[in-house]
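Trainee: I'd like to ask some things about the structure below.
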């Protein structure tokens, strides 16, 4: 049984592409055959985060328009042989593809892959409609900020209206030190407001920046974010994994230092 | 939490949560500020027939409130209408 998962958020810059890259890579690490599709036509980014930008020959629009076969456009990952990327087109726009065409493509890919991960563009227009058309399941990414949560709520409403079967939430960029001081909404606050199932909480980790500098997703590595992403992958596979203690990085010294901070 | 926090005003995390709650109720109700303004004007018209009210002090908002039944919290339209003077014997 293969599954088509769309990673979406409404607001830009909350971590959709990073999440897509890490979830895709993590599922491949767990021995699933995975294809990542960048549906952000005109603003191609997933290839860079994956470190595969130099290998692009054909793209999503070429496949849709029949200029090449899907196989020719897929790029095999440099570390995992069961992980592929279908890059987006950089010189076209969202109207180059219709929801029907996207659904036909993802349905075709089901024959060959266990997981098809779609990286959705920001916004609620055509690009969003294309990305969700063929999906069985959605991962909504948000951060603990008013604007991101407001957009996530709107997206959750739109997914419901489009009869998405399964929607889960990922809360990204949590800063446990700020939550402790009361200067950031906690995971519980966010869940209380959005009222959907949580599939993972990812801390704000500088290793994310380092890993995207290098073009190598950090899922599964010995970092807090790496572990958080791996846990999300296991939960996608149906495993019960307890939530990670995000404040684990704060030793006694950090706690004492916090006590003396006035703000 | 440090001892200084005891004297501080409400934390920004709580402020964010409260703002979001209000925001999402009106977002979900799909009620634009223009519609709210129309509702407000109509309320003023009706009430002004019977008593003198402070139009500038009038405030209406859609918010979340506990229902009398057991369906948890439900959206409610709350209006705060300051009365200047009741008109007697008319």
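We did not get these values from a lab; they are worked out from the coordinates using the rules stated. In this text, all values refer to a predicted model and were calculated from it rather than measured experimentally. Glycine gets a Cβ as well: all are built from the backbone with ideal geometry, and neighbour counts include every protein chain shown.
Trainee: When Rg is the radius of gyration of the Cα atoms in the range A:1-89 and Rh is its Kirkwood radius, what does Rg/Rh come to?
Mentor: With Rg and the Kirkwood Rh in hand, the quotient comes to 0.94.
Trainee: If I fit a long axis through the Cα atoms of helix A:146-161 and take the longest principal axis of the Cα atoms of chain A, what angle between them do I get, 0 to 90°, rounded to 10?
Mentor: Helix A:146-161 and the main axis of chain A meet at about 40 degrees.
Trainee: Consider all pairwise Cα distances in the range B:33-85 and report the whole-number % of them above 13 Å.
Mentor: Cα-Cα pairs in the range B:33-85 separated by more than 13 Å: 63 percent.
Trainee: Would you mind checking the tilt of helix A:99-109 against the longest principal axis of the Cα atoms of chain A, expressed as 0 to 90 degrees and rounded to 10?
Mentor: So the helix axis and the longest Cα principal axis differ by about 90 degrees.
Trainee: Let me ask something additional. Between the range A:59-96 and the range A:183-235, how far is it from one alpha carbon centroid to the other, in angstrom?
Mentor: Using only Cα atoms, the two centres lie 27 Å from each other.
Trainee: Quick check on the range A:3-260: of the DSSP beta bridges with both residues there, what percent are antiparallel, nearest 5%?
Mentor: Roughly 5 percent of the DSSP beta bridges within the range A:3-260 come out antiparallel.
Trainee: In deg cm²/dmol and to the nearest 500, what is the mean residue ellipticity at 222 nm of chain A if only DSSP H runs of at least 4 residues count, each as -39500 (n - 2.57), divided by the residue total?
Mentor: Computed ellipticity for chain A at 222 nm equals -11500 deg cm²/dmol.
Trainee: Which of A:171, A:57, A:34 ends up with the largest GNM mean-square fluctuation for chain A, with Cα atoms connected below 10 Å?
Mentor: Evaluated over chain A, the most mobile residue of the options is A:57.
Trainee: Same structure, new question: Name the residue, out of A:71, A:29, A:103, whose mean-square fluctuation peaks in a Gaussian network model built on chain A with Cα pairs under 10 Å.
Mentor: Comparing A:71, A:29, A:103 in the GNM, the peak value goes to A:71.
Trainee: Shifting gears a bit: So how do B:10, A:76 line up by other beta-carbon neighbours within 10 Å, fewest first?
Mentor: Starting with the residue having the fewest Cβ neighbours, the order is B:10, A:76.
Trainee: Starting from the Kirkwood radius over alpha-carbon pairs of the protein assembly as shown, derive D by Stokes-Einstein at 4 °C in a medium of 1.567 mPa s and give it in µm² s⁻¹.
Mentor: 57 µm²/s
Trainee: Taking Cα pairs under 8 Å and at least six residues apart, what relative contact order does the range B:33-85 come out at, in percent?
Mentor: Details: 60 pairs, mean separation 19.2, N = 53.
Relative contact order of the range B:33-85: 36 percent.
Trainee: With the cut-off at 19 Å, report for the range A:173-223 the share of all Cα pairs above it, as a whole percent. Before the final figure, lay out each step's value.
Mentor: Working: 525 of 1275 pairs.
Within the range A:173-223, distances greater than 19 Å cover 41 percent of Cα pairs.
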